[in-house]
Amino acid sequence: LLQSLALFLRDRGLDVTTASTGREALVELCRKSGEGGTFDALILDLKMPDMDGWEVLRAVRCSPLWKPMPVIVMSGYVDTARDYMHVNRYNGVLVEKKEDFTRVVTAVLDRMLANSERRATALTCQA
């Protein structure tokens, strides 16, 4: 799923970095910051092997460098209103992993980055 989403986004012209775990995502965020840059968006799965997406989201929102970054949170196990409210509190968008979620993620990402003048870079992290 990670590679197919990354390929789909690359085909749309985005520079995509992938991470298979929450820790890898945080390492990539730190690496990009160390190079003097940031990702334009984070696409994050709630279910990951080492730390869940909520932990990664909290870490992202605690950093002044990463806090403004748009976040799309994906999950196949949405606890309806509670999860939507939780993601919304972090100024993110929750997308359920359903049949056509790749197109939904892309549409949401396009809207989030509509005002960006540079080529979009995204970090996508999922198990």
*Could you list, in sequence order, all residues of region 88-111 that are among the β-branched types (V, I, T) and touching a residue at least 24 places away in the same chain (Cβ under 8 Å)?*
T102, V105, T106, V108
*For R103, which of the numbered conditions (1) modelled with pLDDT of 75 or more; (2) surrounded by 11 or more Cβ atoms within 10 Å (Cβ to Cβ); (3) closer than 21 Å to D11 by Cβ fails to hold?*
(2)
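The values are calculated or read from the model by the stated rules, or taken from the named source; none is laboratory data. Owing to the predicted nature of the structure, the values given are computational and were not obtained by experimental measurement. Every residue, glycine among them, receives a Cβ derived from its backbone with ideal geometry; neighbour counts consider all protein chains shown.
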